[in-house]
Amino acid sequence: MSKYPTIIEQDTNYSFTIKESANLSFNKIREYSSSFFKMLPTNLQEKLYNDILHGACELDSEPKLNAYMFALGKMHNAKLQRAYDKLSADFCSEQSIDIIDYACGQGLGTICYADFLKRSSSNQKVRRIILIEPSKLALARAALHVTHLFPDAEVITINKGFDDLTSEDLYAERETPTLHIISNVLDMGTTWEHEGFFDLQNFAELITQTVDGKNEFVCVEPLFGYEPKDEKVDLFMNHANIDTYYSLNRSKGEFVSGESWSCVIRVGRIHKNVDDGVEYDGTRLVSADPKKISGEYIIKDGTTEIRDYAFHECKSLTSVTIPKSVTEIGHEAFMGCSGLTNITIPERVTEIGHEAFCGCSGLTSITIPEGVTVIGMWAFCGCTGLTSITIPEGVTKIGFEAFFGCSGLTSITIPESVTEIGDKAFNGCSGLTKVEVSEDNQNYCSKDGVLFSKDMRFLIKCSGGKKGTYTIPEGVTVIEFLAFSGCSGLTSITIPEGVTEIEFRAFSRCSGLTSITIPEGVTVIEEGAFCGCSGLTSITIPESVRSIGSGAFKDTALYKNKDNWNNGVLYIDNCLINAKPDVVPSEYTIRQGTRVIANFAFDDCSGLTSITIPESVTEIGNFAFDGCSGLTSVTIPKSVTVIGDGAFSECSGLKSITIPEGVTEIASYAFSGCSGLTSVTIPESVTEIGNGAFEYCSGLTSITIPESVTKIGYGAFRGCKNLTSITLPKCLLTQIGDKIFYDCSSLTITKTNDDLPFDLF
């Protein structure tokens, strides 16, 4: 077997190359995944974000951050780890197994199993991993994660929802034991209209066909919002409440509620949690039973480690005494202990783990010792009872969303030692009026209760409790994502000259704002920048703005003003923002004077057959006409210099396109899936053709790439089955991606450069 696994793509449009050893830490995996994610075009990041909104609307996601994308699965992590702890000794002793991970998401179920093997010091080998996920991007990222963890395993990706699965998809040799991980069946639905309340019978039957009942286990992680009804499902289906489970009582033919939580079964048999009270493993405190622990608890002297999830959801716990011997408090150790009112962390502890006290809403005070250097991600997230906290000198890192939703916090002081403050660390702190930073801090500073980078170029976070008017200081160039998010008390904000970028959701939910002027020089208004500003009736957008993200002005009063609409199309200050698919006419002429067509503006306007773009337009945004399958004719004027990622993707009715002079790059996936496209004219101004730019344009028979092109991205012409000939320019050299002509079965290449690499198919 090769050093790296085989990635078998089944209707998956993303690929990657493994370049280093798979013996990597958790953080290293996150780093690799982040690198992969950042390589993806912005439009795909936006697509992912939209997918997240459909599946989990409460998640205020930042698509640029891998850590947060991975964190989508963190809500399931503790329950999965408990599940694996209930696996039978017989199964754990197997030398080799297969894994089938349904609704794999970011691959968390399999990643957690890798952690389980490590914790249990098991030598068990994973031979094959089958990842099943309806989101293509999530599937690719899951494959990347598990590839690094299991370098000797064959990794197979299946891009399907459970409705489309067949028994052939789930092959596994019967002599190899198989672990079926159903991470969240709710995500396996192919549509969201039914809010996940779908019939599980077909899925259960499929699993029954695949599982032979001998050496196979089914692990089902809790379903959020799912209430079992009358389905005859011979599988364990867990409710959102971790203290109950549902299983089919064969004798009665109905679902019954159990007394304790478990989510691993041998097919046909429930394995219950039989732990009593608090479990110790030598000097390690392993777990506590939420049903059996309440009031005050004193941890045994000599304990050195409080393991991950140890007191998870012990809601009746009101006080805990931690001995001085403890040096480590694990991830989610006290997560959900809502009855806990105060706690003192011993001096030998150096790191507060991820989500260690997340959801401890009753916590009013906490003492952090001088020895702590790291406050992990979500460490105090949702601790609404905290009014103040002292971060001691010595802390170098405050993790992502560390104090997210601590609405009771009124002030916070950041010491000199802090070198890194994670994104959204103080987001949702609506009562916060004061943020102070030590004058000696080399990375950050504060002014008027607002957090900045040391050089005052980046405005990081305005206190959520700030009210009235605020003038951003001169010298600021970037208003970072979520910088003013939730500052509902602000009625006026002045943005100075010199600001060039307003990032993702920078002013979201500033409901007190009624008007704002964006100064000349701003070039980018990112996704959701002003979404939820319900009082916003007026905004000035300068000519310098060349890109407007999707939903930038969603849920503002601007949407309600009828004067801003024309035949189902929304205009704001000479920018075309959005079109209603069911209202916009089949033939539409964009208003004269329009400069920018925003990202996703005409997304899925399948009834649109013709669009006329005026000479005033300079930029067509990412996925601006994505899914306009009825579009047959479009003329791109010479004024256009930027055609965004996926701008005309899935416009299957489009017959021909002429790209104007002045365009230097055909962006990634710009014409992906334009199966009706028979003619493309590429001007000499183009120097780069992006990833998948013309993939699956099956109507193309020939294309001329001008000598000006120096770079062609991965899979640029993939799936162009009727493409018969192409001449590549001499200057391409090594600036050429893999699989450019993958699945171009009719193609012959005229090679003009002997040094040109031939990994093109």
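Every number in this text was worked out from the coordinates using simple rules, so none of it is lab data. Because the structure is predicted, anything quoted here is derived from the model rather than measured. We place every Cβ from the backbone using ideal geometry, glycine too, and count neighbours over all the protein chains shown.
In this structure the amide hydrogen of Ser633, modeled in the peptide plane, comes within under 5 Å of the amide hydrogens of Ile611, none closer than 5 places in sequence on its chain. Placing a label point 7 Å from the Cα of Asn561 along the Cα-to-Cβ direction, the residues of the stretch 514-539 whose backbone N falls under 11 Å from that point are 515-516, 536-539. For the stretch 637-724, GluC sites (Glu not before Pro) meeting the loop criterion (DSSP other than H, G, I, E, B) and having at most 15 other Cβ atoms within 10 Å: Glu661, Glu684, Glu707.
Given R0 = 30 Å, the distance between the Cβ atoms of Glu497 and Thr419 translates into a calculated FRET efficiency of 0.45. Among the trypsin sites (Lys or Arg not before Pro) found in the stretch 661-727, not one is both in a DSSP coil and sparsely packed, with 10 or fewer other Cβ atoms within 10 Å of its Cβ. Between Thr350 and Lys580, the C-beta separation translates, for a Förster distance of 41 Å, into a calculated FRET efficiency of about 0.15.
Along the Cα-to-C-beta direction of Glu296, a point sits 7 Å from the Cα; which residues of the stretch 312-342 have their amide N less than 20 Å from that point? Output list for this probe position: 314-326, 337-342. One decimal place: the segment Thr635-Thr687 gains 16.6 nm when fully extended, by the rule 0.36 nm per residue minus the C-alpha distance. Scalar couplings 3J(HN,Hα) for the stretch 115-131, obtained by applying the Karplus form with A = 6.51, B = -1.76, C = 1.60 to θ = phi - 60°, are 5, 4, 4, 5, 5, 8, 6, 7, 9, 4, 9, 9, 7, 9, 10, 9, 9 Hz; x denotes Gly and Pro.
Extension gain, Ser121-Ser411: 0.36 nm per intervening residue step, less the Cα-Cα distance, totals 99.9 nm.
For the stretch 280-379, applying the loop criterion from DSSP together with a ceiling of 11 other beta carbons within 10 Å to the GluC sites (Glu not before Pro) yields Glu370. Full extension of the chain between Lys454 and Glu328 gives 42.1 nm of extra length, using 0.36 nm per residue less the Cα-Cα distance. Comparing Cα centroids, the stretch 511-562 and the stretch 410-428 end up 28 angstrom apart.
Please compute the contact order of the stretch 275-441 in relative form: average sequence separation of alpha-carbon pairs under 8 Å and at least six residues apart, divided by the residue count, as a percent.
It rounds to 13 percent for the stretch 275-441.
Spacing of the modelled spin labels on Val524 and Ser438, each 7 Å from Cα toward Cβ, amounts to 3.3 nm.
Translational diffusion of the stretch 275-441, estimated by Stokes-Einstein from the Kirkwood radius over alpha carbon pairs at 10 °C in a medium of 1.306 mPa s, is 101 µm² per second.
So if R0 is 56 Å, what FRET efficiency would Asn342 and Thr540 give, r being the distance between their Cβ atoms, rounded to the nearest 0.05? Intermediate results must be reported in sequence, preceding the final value.
Details: r = 50 Å, r/R0 = 0.89.
Plugging the Cβ-Cβ distance into 1/(1 + (r/R0)^6) gives 0.65.
Averaging the sequence gap over all C-alpha pairs within less than 8 Å and six or more residues apart, then dividing by the number of residues, gives the stretch 467-560 a relative contact order of 24 percent.
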